[in-house]
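Trainee: Sharing a structure below in structure tokens format, with a few things to ask.
The values are calculated or read from the model by the stated rules, or taken from the named source; none is laboratory data. Everything numeric in this text was worked out from a predicted model, so none of it was measured. Neighbour counts are summed over all protein chains in view; Cβ atoms, including those assigned to glycine, are modelled from backbone coordinates with ideal geometry.
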Amino acid sequence: MYQFVTGPLAWLSFGIFLVGIIVRVVLYIKGLDWKLDRVTYTVNVSYGIKGAIRSIFFWLIPFGTRGWRTNPGFTILFFIFHTGLLFTPLFLAAHNILLKERWGISLWTIPDFAADLLTIFVIVSAVIIILRRIALPEVRILTTAYDLLVLLIATAPFITGFIAYHQAPGYQFWLITHILCGEIMLVSIPFTKLSHFILFFMSRAQIGMDFGIKRGGMKGKGFAW
Amino acid sequence: MAEGILCNRKPVNTKEDLLALLADKSGKQYYEEMNHLHVDSAALWATIQKSLKSRLRTWLEICAHCGLCADSCFYYLANNKDPKQVPSYKIQSTLGEIVRRKGDVDNAFMQMVMDTAWSKCTCCNRCGSFCPFGIDMGVMFGYLRGLCFSQGFVPWEMKIGSGMHRIYRAQMDITSEDWVDTCTWMCEENEEDWPGLEIPVDKENADILYTVNAREPKHYPEDIAQAAILFHLAGENWTVPSVGWEETSLTMFAGDWEGCRLQVQEVYNAMERLKPKRMIGTECGHAYRATVLEGPYWAGLKTGKTPVESIHYIEWVAEALRTGKLKLDPSKKLKMPVTYQDSCNYIRNAGLADTAREIMSYIAEDFREMTPCREHNFCCGGGGGLNGIGRYREQRNVGLKVKRDQIIATGAKLVVSPCHNCWDAIRDMEEIFHIGIKWSFLKPILLKMVIVPDHLKPENGE
């Protein structure tokens with residue numbers, strides 16, 4: 001079983017994930033329409049690129065935008081959650097050992113205690129995100145079961161990985177479940193809201209080009225995100 | 001009844017239809033007919049499939065429902081943080097739902113959509129700058145208004161406005177003759193005080209082609225005179241077109257995209273006919289947005305630019321003050337506390353925040369910024385056509401509270417507001433809430449402080 005989920009199934013899920021996000025990017029770009037969107041993407045290109053870079057850059061920096069600054073609690077929650085989500089699986093020693101064994105490559109690794117801490121951060125952030133969804137009327141009204149499912153898909157690999165790492169009874173079960181959860185997450189990215197993994201960059205680039213080309217980018221200092 | 005006599009899916013293209021609509025006071029019959037208007041779901045879905053492409057589809061799909069847009073919306077704040085005013089909720093429950101149902105929606109639903117699209121969003125685009133994904137719900141509501149318009153679910157005044165543009169190429173029933181007559185009349189009225197004053201009509205190769213808001217010839221002709229005097233004092237070589245003089249676009253507020261194209265094309269034709277060096281539009285926000293920013297796209301101009309460079313009136317004022325074409329008497333600078341109403345259309349959506357501040361440095365001793373201001377300023381409360389829609393007057397008035405509180409907090413006694421919509425909203429705000437403020441366009445303020453060169457003074461003057 002272990003061989004299967006870390007072998008063919010892993011290949012399949014990484015394949016679907018990679019091809020899926022490439023298709024999403026291609027479809028996104030193909031679906032841009034200068035006349036309908038009212039942005040001349042292919043004219044005034046330098047303004048467009050500048051606008052896109054600014055639009056992505058400021059939003060990737062904690063407190064880099066007015067939106068982040070006016071919601072400090074959420075901003076901290078957001079960055080902790082996403083840092084954990086991205087860094088832990090990429091730089092976890094165990095993942096990289098596996099990677100080295102199977103494909104002969106590996107990335108830098110972070111110490112296990114750091115990975116553990118990041119995992120706890122992810123899980124705790126997810127709990128706070130759920131509580132926030134319940135507690136705040138302006139978020140509750142937007143929340144659907146689908147939002148919770150997506151959060152579960154994203155967090156499940158961390159919960160199961162944490163249990164497996166700490167050698168809870170039934171280690172094999174938790175390990176296999178962890179791997180399956182990770183694979184479900186990878187496969188879900190192109191097909192669910194988790195597509196924001198890549199579409200965040202596309203969407204931010206698009207609005208950045210809109211402001212950079214049409215909405216003032218050629219006149220002012222660029223939009224003060 | 002599939003379609004009504006007044007309320008139907010056909011845009012108004014004849015004077016006869018327009019008069020029939022206007023005769024229906026407050027749209028009583030119009031809205032009654034709307035209750036029986038059939039939704040053409042197949043056409044609605046076909047339009048969506050053709051026009052809802054990756055940008056909007058992605059926005060609808062990836063919205064994380066995080067609620068960060070809530071506090072960005074002045075309607076949400078003005079309505080005691082009513083969750084139903086959260087921008088994401090407003091667009092998901094309307095456009096999102098139409099898409100989910102593949103256009104299969106009924107009359108009651110479309111009326112709810114219309115009410116939401118015009119009375120709960122002024123398309124100020126502020127939410128777009130607070131969403132981590134850059135989801136601009138103002139853009140989406142603009143799109144939704146287009147869908148509503150195509151189905152005939154559009155507020156009475158917006159249907160009239162669209163008809164006006166289609167028939168008169170102006171938001172009001174002003175013909176080319178009326179317009180030229182008004183210019184002549186304003187010139188005659190003022191030439192005694194301002195010897196040599198001219199309002200040149202259809203002069204070719206001028207440096208400036210000046211375009212206006214139809215409300216000016218209709219209700220505030222002195223605004224045209226003031227513009228003429230300031231151009232005269234600045235020594236500008238300018239002209240107005242006899243045709244293509246209207247810069248505004250109620251068609252944009254109505255979501256009548258074909259009407260939008262017809263309107264801006266008329267102005268672009270004037271540019272091509274008269275070959276000015278550049279076009280300057282009056283102190284209006286949406287007019288600039290429509291004719292200068294969005295218009296080239298409606299007209300299919302692949303550069304995204306107007307046929308000649310086009311600027312907002314405040315850009316000309318800042319330039320004239322900077323270069324000394326207009327000199328102001330420093331002793332006449334405004335002494336009272338003054339604030340500036342940043343118009344969404346030319347500040348947030350056109351990058352002119354610094355230009356406005358530059359002007360204020362010349363005219364006000366005690367300039368006070370609103371909080372927030374510049375790109376992040378709140379809508380005046382009357383944008384997106386809302387000022388003119390009777391059906392939503394109450395909602396509009398509630399929305400004004402945010403701007404009222406912003407102004408009060410500055411302690412300013414005068415609000416400089418170079419935008420017709422903002423100007424109207426602030427005037428109405430004062431009428432409703434009596435907060436003891438004054439409001440003004442730039443032109444009258446400048447005229448009070450401008451230094452008149454000796455050779456332009458009347459002979460019997462001081």
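Trainee: Run down B:Cys127, B:Cys121 and say which single residue is free of Cβ contacts under 8 Å to residues at least 60 places away in the same chain, closer than 20 Å to B:Cys379 by Cβ and of a type outside the set (Val, Ile, Thr).
Mentor: Just a single option satisfies the conditions, and that option is B:Cys127.
Trainee: Moving on. Go through the residues of region A:166-180 one by one and say whether even a single one is within 27 Å of A:Gly7 (Cα to Cα), touching a Leu at 6+ places or on another chain (Cβ under 9 Å), part of a helix (DSSP H, G or I) and more than 14 Å from every other protein chain (Cβ to nearest Cβ).
Mentor: Yes, some residue in region A:166-180 is within 27 Å of A:Gly7 (Cα to Cα), touching a Leu at 6+ places or on another chain (Cβ under 9 Å), part of a helix (DSSP H, G or I) and more than 14 Å from every other protein chain (Cβ to nearest Cβ).
Trainee: Read through the list (1) of a type in the set (D, E, K, R); (2) under 19 Å from B:Lys438 (Cβ atoms); (3) out of contact with any Ser or Thr (no Cβ under 9 Å at 6 or more places or on another chain), then give the number of the only condition that B:Asp354 fails.
Mentor: (2)
Trainee: Among the listed residues B:Gly382, B:Gly351, identify the single one that is over 23 Å from A:Met209 (Cβ atoms) and at pLDDT 95 or above.
Mentor: After applying the criteria, what remains is B:Gly382.
Trainee: OK, next. Say whether the condition of being within 14 Å of chain A (Cβ to nearest Cβ), part of a loop (DSSP other than H, G, I, E, B) and hydroxyl-bearing (Ser, Thr, Tyr) is met by at least one residue in region B:336-347.
Mentor: yes
Trainee: Taking the conditions exactly as written (crowded, with 19+ Cβ neighbours inside 10 Å and either at the interface with chain B (Cβ under 8 Å from one of its Cβ atoms) or in contact (Cβ under 8 Å) with a residue 40 or more places away in the chain (or both)), does A:Ala154 satisfy them or not?
Mentor: Criteria met by A:Ala154.
Trainee: Working carefully through the options B:Trp423, B:Trp439, find the one that is assigned by TED's automatic domain parsing to the domain that holds B:Tyr340, at negative phi and outside any helix (DSSP H, G or I).
Mentor: Residue meeting the stated conditions: B:Trp439.
Trainee: On the given criteria, is A:Ser13 within 13 Å of another protein chain (Cβ to nearest Cβ) and touching a residue at least 60 places away in the same chain (Cβ under 8 Å)?
Mentor: no
Trainee: Of all residues in region A:17-70, which are facing chain B (nearest Cβ under 7 Å) and in a loop (DSSP other than H, G, I, E, B)?
Mentor: Selection gives A:Gly31, A:Leu32, A:Asp33, A:Arg38, A:Thr40, A:Val43, A:Asn44.
Trainee: Here's a follow-up. Of the conditions (1) surrounded by fewer than 18 Cβ atoms within 10 Å (Cβ to Cβ); (2) touching a residue at least 24 places away in the same chain (Cβ under 8 Å); (3) of a type outside the set (Phe, Trp, Tyr), B:Ala425 fails just one. Which one is it?
Mentor: Status for B:Ala425: all satisfied but (1).
Trainee: Tell me, yes or no, whether region B:144-159 has at least one residue that is within 25 Å of the chain's Cα centre (by Cα) and under 17 Å from B:Ser242 (Cβ atoms).
Mentor: No, that holds for no residue.
Trainee: Using beta carbons and a limit of 9 Å, which pairs, at least six apart or on different chains, have the first residue in region B:288-308 and more than 17 Å from B:Cys344 (Cβ to Cβ) and the second one of a type in the set (Asp, Glu) and outside any loop (DSSP other than H, G, I, E, B)?
Mentor: Short answer, once both residue conditions are applied: B:Tyr297/A:Asp37; B:Trp298/B:Glu258; B:Pro307/B:Glu272; B:Val308/B:Glu272.
Trainee: Right, here's the next one. Only residues in region B:318-340 that are surrounded by fewer than 20 Cβ atoms within 10 Å (Cβ to Cβ) count as the first member; pair them with residues that are basic (Lys, Arg) and not in a strand (DSSP E or B), Cβ under 8 angstrom, at least 6 apart or cross-chain, and list the lot.
Mentor: Matching pairs, first to second residue: B:Glu319/B:Lys325; B:Lys332/B:Lys448; B:Met336/B:Lys413; B:Pro337/B:Arg368; B:Pro337/B:Lys413.
Trainee: Another question, if that's okay. Residues that are within 7 Å of chain A (Cβ to nearest Cβ) and touching a Leu at 6+ places or on another chain (Cβ under 8 Å): find the helices (runs of 4 or more DSSP H) completely inside region B:57-110 holding 3 or more of those.
Mentor: Of the helices (runs of 4 or more DSSP H) lying wholly inside region B:57-110, none has at least 3 residues that are within 7 Å of chain A (Cβ to nearest Cβ) and touching a Leu at 6+ places or on another chain (Cβ under 8 Å).
Trainee: If a residue must be over 19 Å from the mean Cα position of the chain (by Cα), more than 7 Å from chain B (Cβ to nearest Cβ) and surrounded by 14 or more Cβ atoms within 10 Å (Cβ to Cβ), how many such residues does region A:141-151 contain?
Mentor: Count: 0.
Trainee: Name the residue that is farthest from the chain's Cα centre (by Cα), counting only residues in region A:77-111 that are hydroxyl-bearing (Ser, Thr, Tyr) and in a helix (DSSP H, G or I).
Mentor: A:Thr88
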